[in-house]
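Coordinate-derived values only; no laboratory data. In this text, all values refer to a predicted model and were calculated from it rather than measured experimentally. As a convention, Cβ positions derive from the backbone with ideal geometry for all residues, glycine included, and neighbour counts pool all protein chains shown.
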Amino acid sequence: IPMAPEGYRSGFVGIIGRPNVGKSTLMNFLVGQKVAITSPVAQTTRNRLRGILTTPEAQIIFVDTPGIHKPHHQLGEVLVKNAQSAIASVDVVLFVVDCSVELGGGDRFIANLLTHTHCPVILGLNKADQQGYPSLDQDYIDLAQAQGWTVAKFSALTGDGVEPLQTALIENLEPGPYYYPPDLVTDQPERFIMGELIREQILLHTREEVPHSVAIAIERIQEEPTITRVFAAINVERPSQKGILIGKGATMLKTIGIAAREQIQKLIEGKVHLELFVKVQPKWRQSRTRLAEFGYRI
Ligand code: GDP
Ligand code: K
Ligand code: MG
């Protein structure tokens, strides 16, 4: 890693918020590449992942997190603990909300978690493109004022307002070194992102319990002079889920495969042959060994 120039700033920005407010979409826009998958489904983001933005003035390491729910059960408590540890280990917190909907209990719950943080907090009002009249901003602005937070309003989808947000983030960073090589955009291995891009298509094409029951394992990557061959297993928990994923005449698996291949081609900037097969792994979500095997930090 090279030496950063005089006066260079750097640091870690934790992106937190309720599920589906657009945390991952925002991180992708900021780093200029799809490093985290996005979808209208909650729990799309399962792992804490980093996206790296390097400009001539600063290096920002974004930490994208799974959404925070009010805990109603054991797992919820674990998620909140994880979020709290994420908050404790960053230099700036970017608390993202969806300003096209009213401020509710979920956001207030997160605001309470943030009351005792020592680092600067920026309240990001996302989905500005979707906002109707009357404007719902005032409650969010009041909340930020009461807590002494900075406010930024933007659309992660269109990119409107993201540049001022980026400036505000950099202003809140201390002088520091390059933590990562300047050309790196994520800490995730390419292999893991390939699996995520397949999971994203499953999230977009199937419904209800199927998306939450899949785990992708990239079993082999074969690089040839003109094409990269990727062999991936889609693990599900029950035979019925396998049936749904394959579909009548294997049409579902084909649709998912074509769309995922396109995304993987963009990622590696080359031609890809993608082979998918579906495996039943009963209760993989309860198995620590399996979770680790599928790339989840446990
Ligand atoms: P996360 O769960 O907070 O990471 O949210 P995602 O990034 O996965 O986004 C959830 C959904 O909101 C996806 O369907 C996105 O396309 C959509 N979305 C994200 N940002 C915006 C935005 O600025 N405007 C609109 N209209 N939709 C957005
Ligand atoms: K989501
Ligand atoms: Mg996400």
Could you check, for the stretch 95-107, whether at least one of its residues is more than 16 Å from ligand 2 (Cβ to nearest atom), over 16 Å from the mean Cα position of the chain (by Cα) and of a type in the set (S, T, N, Q)?
-> no
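Looking only at the stretch 39-67, filter to residues that are in a loop (DSSP other than H, G, I, E, B), touching a residue at least 60 places away in the same chain (Cβ under 8 Å) and surrounded by fewer than 22 Cβ atoms within 10 Å (Cβ to Cβ); which one of those is farthest from ligand 2 (Cβ to nearest atom)?
Going through the qualifying residues, I end up with Glu57.
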Give the number of residues within the stretch 122-141 that are aromatic (Phe, Trp, Tyr) and either outside any loop (DSSP other than H, G, I, E, B) or surrounded by 22 or more Cβ atoms within 10 Å (Cβ to Cβ) (or both).
-> 1
Checked against (1) touching a residue at least 60 places away in the same chain (Cβ under 8 Å); (2) buried (at least 20 other Cβ atoms within 10 Å of the Cβ), Leu204 satisfies every condition except (2)
Those residues of the stretch 149-177 which are in a loop (DSSP other than H, G, I, E, B) and without any contact (Cβ under 8 Å) to a residue 12 or more places away in the chain amount to none
